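**Student:** Here you go, one structure.
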Amino acid sequence: MDSEQLADVLSEFARTMVTDFAIQGILDHFIRRTVEVMPITGAGVTLISRDLAPRYVAASDPAALRFETLQADLSEGPCLAAYETGQAVLVPDLRSERRFPRFAPRALDAGLAAVFTFPLHHGSTPLGALDLYDAEPGSLPHDSLAAAQTLADVAAAYLLNAQTRADLEVASDRATEAALHDPLTKLPNRTLMLERLRHALARGRDAKSTCAVIFVDLNHFKAVNDSYGHRAGDELLVAVAARLRQALRPGDTVGRMSGDEFVILCEDIDTEARADAIALRIHAALTPRFSVSGTNVAVTASIGVTFAGGGENSPEQLIEVADRAMYRTKHMNGPSRRSFDLHGPPATTERPGPGAPVAAVPAGLLSPRELEVLALISEGAANAEVAVRLVIADTTVQSHVQNILRKLGARNRTEAAARYLRR
């Protein structure tokens, strides 16, 4: 190998410093060029971890790969010897070699006659070894031996650079993952859920399809923390997250917004009944008691649902309206789910304040859905017709509620509805 050939190979390695070549790609290219410029029939390189397990293996041809694998399988051979000693291992005639009693006879049977191995290291840290294989016995010229060690040293430096780059990418990926996921439940966090909602809304506009957002809030979660400790509370949240995942369809996404609040994104929801079915599965999934810190804990949840399709609803609006629907559920003696269709006129998205009155209506006076309509009106909807359209398209309910409001006085239906609920 002359100095011009060595310079060409080193120049190629230098160019990898400004590329994003993967480690395996660098090894494969290195081996191909080594065989081209050295007086050998094959070559292999192995990077070895501290437990002596091969991490990366490259070979010029199937025979060379067989020799690399044979050394790894036997935990014996020139490659491991060079790795452990940091010195080149030269075997010009494998027939007279006594240092590798298991490797030598099997390699000879496979057609190997000579092997020359050079350590890869970074300072005092061993990285692996470069094996040069020959089908004919005989020594390598002195200049080829020197060139081979130079190639091994330069390859080690560039491989270390590639490994550092790969480690940085892994660290960056982990940081991104941590920034977008809840560290306790490993669910998507608010940031990631908003991003997925944004994509879902865009797809819905293009495909003219509807998505649903389901807001789930655990009832009396603070009592679990107060009674059993925060560790039990954390265990409960993890268990709830697992059950929510299992209750959903493939393709649905559940995220943890904060505390005991979860949001579920369901795409391609063509009817309210489909969202009802998912809400029922969520309710059923949370019904069995949870075992946390050696205690069986019962959990209930308030659920709010909202829909969006071809409109210009924002992800934040979807979540806030679903949150509001959930909040009404939490303070009503009605069904465990509320829904709002954002294809219709938008509802106000403020939560009831801490001092807001909670409905207290004698059982049997109104149906749960009629109470829902009145509750919405009492919180500021413009008129009964809008409220009815937002909550339920049921002519009987509409007629009943409108008659009630008419008798109470249509001048201010919001106050009339609130007075009726307080009764």
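**Student:** Please pick out the residue among 201, 237 that is within 20 Å of residue 279 (Cα to Cα) and not acidic (Asp, Glu). Working first, answer last.
**Tutor:** On the way: 201 fails: within 20 Å of residue 279 (Cα to Cα).
After ruling out the rest, the residue left standing is 237.
**Student:** So, residue 341, is that one under 25 Å from residue 207 (Cα atoms), among the acidic types (Asp, Glu) and at pLDDT below 50 or not? Give the derivation first.
**Tutor:** Details: under 25 Å from residue 207 (Cα atoms): yes; among the acidic types (Asp, Glu): yes; at pLDDT below 50: yes.
When the stated conditions are applied, residue 341 passes them.
**Student:** So which pairs qualify, if the first residue must be in the stretch 144-156 and under 11 Å from residue 129 (Cα atoms), the second must be surrounded by fewer than 17 Cβ atoms within 10 Å (Cβ to Cβ), the Cβ gap must be under 7 Å, and the two must be at least 6 apart or on different chains?
**Tutor:** Listed by first residue and then by second, the contacts come to 156/122.
**Student:** Can you report the number of residues in the stretch 192-214 which are in a helix (DSSP H, G or I), touching a Leu at 6+ places or on another chain (Cβ under 9 Å) and modelled with pLDDT of 90 or more? Before the answer, list the steps.
**Tutor:** Going through the stretch 192-214, the residues in a helix (DSSP H, G or I) turn out to be 192-207.
Then keep just the ones that are touching a Leu at 6+ places or on another chain (Cβ under 9 Å); that gives 192-193, 195-197, 200-201.
Okay, now just the ones that are also modelled with pLDDT of 90 or more, so 192-193, 195-197.
Number satisfying all stated conditions: 5.
**Student:** Conditions first: (1) on the phi > 0 side of the Ramachandran plot; (2) in contact (Cβ under 8 Å) with a residue 24 or more places away in the chain. Residue 328 passes all but one, so which condition is the exception?
**Tutor:** (1)
**Student:** Give the stretch 157-183 a look and list any residue that's among the basic types (Lys, Arg) and touching a residue at least 12 places away in the same chain (Cβ under 8 Å), or say none.
**Tutor:** Step one: filter the stretch 157-183 for residues among the basic types (Lys, Arg), giving 165, 174.
Residue satisfying the conditions is 165 alone.
**Student:** Kindly provide the set of residues from the stretch 38-55 that are surrounded by fewer than 19 Cβ atoms within 10 Å (Cβ to Cβ) and modelled with pLDDT under 85, ordered by number.
**Tutor:** Within the stretch 38-55, 49, 50, 51, 52, 53, 54, 55 qualify.
**Student:** For residue 144, state whether it is at pLDDT 85 or above and within 25 Å of residue 86 (Cα to Cα).
**Tutor:** Details: at pLDDT 85 or above: yes; within 25 Å of residue 86 (Cα to Cα): yes.
It is true that residue 144 is at pLDDT 85 or above and within 25 Å of residue 86 (Cα to Cα).
**Student:** Sticking with this one: Considering only residues that are farther than 17 Å from residue 283 by Cα and exposed (fewer than 15 other Cβ atoms within 10 Å of the Cβ), which ones fall in the stretch 219-263?
**Tutor:** Within the stretch 219-263, 222, 223, 226, 227, 229, 230, 231, 250, 251, 258, 259 meet the criteria.
The values are calculated or read from the model by the stated rules, or taken from the named source; none is laboratory data. Please read these numbers as outputs of a predicted model, since none were measured by experiment. Using ideal geometry, Cβ is built from the backbone for each residue, glycine included, and neighbour counts are taken over all protein chains shown.
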